[in-house]
Amino acid sequence: MEFLPIFMNLRGRHCLLVGGGAVAARKARLLLEAGAQITVIAPQLGPTLARLVAEKKVTHRTVSFAADQLAGNALVFAATDERAVNRHIYEAASARGIPVNVVDQPDLCTFIMPSIVDRSPVVVAVSTGGAAPVLARLIRARLETLIPTGYGRLASLVAEFRERVKQHFRHPVQRRRFWESVLDGPIAERVHAGQDAAARAALERSLASTSGTASPQGAVYLVGAGPGDPDLLTFRALRLMQQADVVVYDRLVSQEVLNLVRREAEIIYAGKERANHTLPQEDINQLLVHLAKEGKRVVRLKGGDPFIFGRGGEEIDTLMAQGITFEVVPGITAAVGCAAYAGIPLTHRDYAHSVLFATGHLKDGTLNLNWTALVQPRQTLVLYMGLIGVRPIFKELIARGMSAAMPAALIQQGTTPRQRVFTGTLATLPDIVERNDVKAPTLIIVGEVVRLHEKLNWFTPAPK
């Protein structure tokens, strides 16, 4: 994050605007909307600023910029056509600790202006850190269509009841859930329909009929986080992540997905690596029970899908035995996501009529796999957690009758910008993996479908 997003209170404060053209006029309008008192320094004014001066909304001084004019100003905009003047303004303001923005010159800015969606008092700001202003405007345009104009009135209604709701509910969690029911339910819909009085009356009734002393009820949601790309999350997964009080996540959950969790939520790492379990599975099971009994809404976030080598069944078995409310939210499993991003179809009428998922995790150094099921013609074999055992597993597959020339692929950090795909055969892939210092998480695919990788690879992998 190059810039910290903040909202400044400029109401009644003095701001300096150097420049008199159309760009300066746009900044002046924003400052006026924020309640600032504006002084414009420019030898001449364009029509918009001239009108604002005539309406006595802006003060104008027909002098050249001097550093002493900065005194008493909360922030400064420079919108001149002279780079030397802009740099002088930047250096003088920076030396005095006054926030300064030189329009279209990010290197001369201590703050930047975002694209704004205004639903006052709700304001959404979008910024690319000055790197791509047009992209920021396109994102803002998309948000304009997604955020109803009634959100401003809805926020005002919430502000009207905020203190009463705070006094009514003893538990902060219960208070938040009450507001979620208001903001994402029939009351909000009445505001969006323009029925503000009816919405206010409904909010009064809802508050009067809801107990403020009962302990909040906890629940656990086993959520599949997918293989890594946050765009592959389901709508339900994202909604629950945004509502969670606590998120207990696995090692295979990508940072990009974690970034979408509600910022106020408590984040607990429960990852398990080979011979290094941060929390044993039984401890994880009991942790979920404990958190739910505290009345918290818990998201158990698992890479891929909770029920495919995710031990989700063990966790909900404990939850059910303890009488804990739970739900399971499926996710795109690693086999499906990584294969798709590598351009390897798991089934294909010319190569494979079936697909088999297996774990390549070796317990106590033993190969306890159903080799007969794994070595079948016209079948795609997908191995989870097979990186450490890739050489002995491939050796055993060959010994059990699979051709040493069978195509095989290993996908590292699939579906993410860091994805790497290595292809070879049962005989050659282990050496390829060793030479390239491959790290988990990885997925291994064995079968004739791997031949299609070069032809169907549509996703640009990370440089090797």
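The values are calculated or read from the model by the stated rules, or taken from the named source; none is laboratory data. Please read these numbers as outputs of a predicted model, since none were measured by experiment. Reconstructed Cβ throughout: ideal geometry from the backbone, glycine too, with neighbour counts over all protein chains shown.
Some notes on this structure:
- One residue from Val421, Val449 being assigned to a helix (DSSP H, G or I), of a type in the set (A, V, I, L, M), in contact with a His (Cβ under 7 Å, 6 or more places away or on another chain) and assigned by TED's automatic domain parsing to the domain that holds Trp371: Val449
- Strands (runs of 3 or more DSSP E) wholly inside region 19-122 containing at least 2 residues that are closer than 26 Å to Leu138 by Cβ and not hydrophobic (A, V, I, L, M, F, W, C): 115-119
- Listed by position, the helices (runs of 4 or more DSSP H) inside region 167-213 whose residues that are among the aliphatic types (A, V, I, L, M) and farther than 12 Å from Arg153 by Cβ number at least 2 are 172-183, 196-209.
- Selected residue (only one of Leu367, Leu356, Leu374, Leu381 is more than 30 Å from Gln255 (Cα to Cα), touching a strand residue (DSSP E or B) at 6+ places or on another chain (Cβ under 7 Å) and of a type in the set (A, V, I, L, M, F, W, C)): Leu374
- Any hit, region 232-245, residues being of a type in the set (Val, Ile, Thr), touching a residue at least 24 places away in the same chain (Cβ under 8 Å), outside the structural domain of Gly414 (by TED's automatic domain parsing) and farther than 30 Å from Ser156 by Cβ: yes
- Residues of region 14-30 that turn out to be surrounded by fewer than 17 Cβ atoms within 10 Å (Cβ to Cβ) and among the basic types (Lys, Arg), as a count: 2
- Per-region count, region 359-397, residues surrounded by fewer than 19 Cβ atoms within 10 Å (Cβ to Cβ) and under 32 Å from the mean Cα position of the chain (by Cα): 3
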